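Colleague: Starting off with a structure, shown below.
The values are calculated or read from the model by the stated rules, or taken from the named source; none is laboratory data. Everything numeric here is computed off the predicted structure, so don't read it as measured data. Because the Cβ atoms are built from the backbone with ideal geometry, glycine has one as well, and the counts that use them run over all protein chains shown. These accessible areas exclude ligands, DNA and RNA; they are computed on the full protein's heavy atoms, side chains included. Shrake-Rupley method; radii C 1.70, N 1.55, O 1.52, S 1.80 Å.
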Amino acid sequence: MTSTPETPAAAPFSRIKIRAGALVFCGDDVALIRRDRADSTHYTPPGGNVEHGEDLDAALARELAEELDLDVDQAEGGDLMWVVDQRVTRPGPTPPPRKLHLIYRLHITPELRATLAETELDEQPDGSHETGVIEWIDYRKTAELPIFPPIGPALAALPDPRTAVTNAALEAVTDDNYTWVV
């Protein structure tokens, strides 16, 4: 966006986006989407941006259906587990938004897991697609994984996948504690 006297350029973090995602557990394994890029590999919990005016539960159900082929009505749980406040400068032509990651928790059976997607196509701004691989990883082994938002240490520290979380606010992700990988 080019700024003019009539349309000043947006400042970093001047808009807020909400991302609804889920940690989908099958026993001790959790579903994460692995994205391989030329210079890096990173993981994300399944989920995506909440659309304007969209209900949070509807957004989560839509994203899990799109990415995992999961009907949330077949899963157990759905409680809000963590909130991560993201204020990180990222590469790109537009000012970075402040993003709130709402991370829910679901549990599924091995039978349901066997029916879920193994890959996910993420549409890019240019209309192309990036392929993500759905990996089921023992949650206790996530502390050192490059997961965004960086929830690996908190996830790995859970005594059990069903352990109640007493504080939903994880540490904010800022330019002081996170460097965006291109």
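Colleague: With every protein chain present, what is the per residue accessible area of the range 142-182 (1.4 Å probe, Å²)?
Modeller: Per-residue accessible area for the range 142-182 comes out at 60 Å².
Colleague: Does anyone have the angle between helix 56-68 and the longest principal axis of the chain? Alpha-carbon axes, 0 to 90°, nearest 10?
Modeller: The two axes meet at around 70 degrees.
Colleague: Starting from one equal scatterer on each C-alpha and no solvent at all, send me the Debye-based log10 I(q)/I(0) for the chain at q = 0.10, 0.12, 0.18 Å⁻¹, two decimals.
Modeller: Here log10 of I(q) over I(0) equals -0.41, -0.59, -1.32.
Colleague: Sequence-distant or interchain residues sharing an amide H contact under 5 Å with LYS17, placed H: which?
Modeller: ARG98, LYS99, LEU100
Colleague: How many nm separate the modelled label positions at VAL83 and ASP57, each set 7 Å beyond the Cα in the direction of the Cβ?
Modeller: About 1.9 nm separates the two model spin labels.
Colleague: In Å, what Kirkwood hydrodynamic radius results for the range 92-170 from the alpha-carbon pair distances? Show your work: numbers first, answer last.
Modeller: Working: mean 1/r = 0.0641 Å⁻¹.
For the range 92-170, the Kirkwood estimate is 15.6 Å.
Colleague: Carbon and sulfur atoms: what percent of the 1.4 Å accessible area of the chain do they account for?
Modeller: 51
Colleague: Please list 48-59, 119-130 highest first by mean number of surrounding beta-carbon atoms within 10 Å per residue.
Modeller: Put in order of decreasing packing, that is 48-59, 119-130.
Colleague: While we're on this one: Counting DSSP beta bridges with both partners in the chain, what percentage is antiparallel, nearest 5? Please list the in-between numbers first.
Modeller: Working: 30 of 44 bridges.
If we restrict to bridges inside the chain, about 70 percent are antiparallel.
Colleague: In whole angstrom, how far apart do the alpha carbon centroids of the range 103-182 and the range 16-48 sit?
Modeller: Going from one Cα centre to the other spans 4 Å.
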